[in-house]
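Undergrad: This is the structure I want to talk about, given as structure tokens.
Please treat every number below as a calculation from the coordinates, not as lab data. Model, not experiment: these values are computed from the prediction. Cβ: placed from backbone, ideal geometry, glycine included. Neighbour counts: every protein chain shown.
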Amino acid sequence: MAESTAAKSNVGRPAGRDSEKVRSDLIEAARQHFLAREFKAVSIRQIAESAGVNGAMVNYYFGGKKGLYLAMVEDVLNELNTNLSSLNTANEITLAEFGQSYSLVLARNPWWPNFMIREVLFSEGEVREAVIEKFGTVIGPKLLHLVQQQIDNGQFRQDLNPQLTLIAFMGMTIFPFLARPVIEQVFGMKVDESFVHAISEHNQQLFLHGASA
């Protein structure tokens, strides 16, 4: 009887590589829907239809819509953390190296900045707090450590406030991706990986040396 029940519960559930593909397809479908609409306006059925699977797969892999939402966010944060960790073998990077790495993540995930603005700044509740917690535990402490490390070793001025320094640098790094339509339509610059390398180098020079002649 137990074996029969277990067999029934697994009917239609993919395994192995098919299972990985279903999970990946659901995360990609979630990105498209959550980019267009806020969390409460997106249904499991819509996401599942876009991924070409049954809605039960969302519950099976992620425990529900919130779990899928957080898995989507964690997917981007994991990519960023992997990039940070692989910049060099000693895992000691500069703030400028982080800026370029993060810019590449943003170029590959153009939905992310506006998604964060909408869900973190203009939404409230459990989902917002979960996103802030995940971003803070994965990225925040490491970035403050980078700034403090460069102050301590004399690369940055000793009178700098680490938090304000980080906020200023993040503003320079993220704004071009928030303003992507303006940059592409008004200035005729395509926000792609070539742009990322150019703006990262420019921001590094401006941040380190200022604009004064």
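Undergrad: Kindly express, to the nearest 10 degrees and within the range 0 to 90, the angle between helix 140-152's C-alpha long axis and the longest C-alpha principal axis of the chain.
TA: Between helix and principal axis, roughly 20 degrees.
Undergrad: Hey, another quick one. Label-point separation (nm) for K134 and R157, each offset 7 Å from Cα along Cα-to-Cβ?
TA: 3.8 nm
Undergrad: Straight distance only, please: which lysines reach the Cα of K142 with their own Cα at less than 18 Å, same-chain residues fewer than 8 apart left out?
TA: K134
Undergrad: Tally Lys and Arg at +1 and Asp and Glu at -1 over the other residues with C-beta under 13 Å from the C-beta of T82: what net charge comes out? Walk me through the numbers on the way to the answer.
TA: Numbers: positive: R108, K142; negative: E74, D75, E79.
Surrounding charge for T82 is -1.
Undergrad: Starting from 0.36 nm per residue, how many nanometres of slack lie between Q185 and L164 once their C-alpha separation is accounted for?
TA: On the way: separation 21, 0.36 × 21 = 7.56 nm, distance 3.15 nm.
Full extension of this stretch gives 4.4 nm more.
Undergrad: Helix-only estimate, please: 222 nm mean residue ellipticity of the chain, summing -39500 (n - 2.57) across DSSP H runs of length 4 or more and dividing by its residues, to the nearest 500. Kindly include the intermediate steps, with their values, before the conclusion.
TA: On the way: 12 runs with 151 residues, N = 213.
The per-residue figure over the chain is -22500 deg cm²/dmol.
Undergrad: While we're here: Only sites in a loop by DSSP and with at most 15 other Cβ atoms within 10 Å count here; which GluC sites (Glu not before Pro) in the stretch 90-165 make the cut? Kindly include the intermediate steps, with their values, before the conclusion.
TA: Numbers: sites: E92, E97, E119, E124, E126, E129, E133; in loops: E92, E124.
Those satisfying the criteria are E92, E124.
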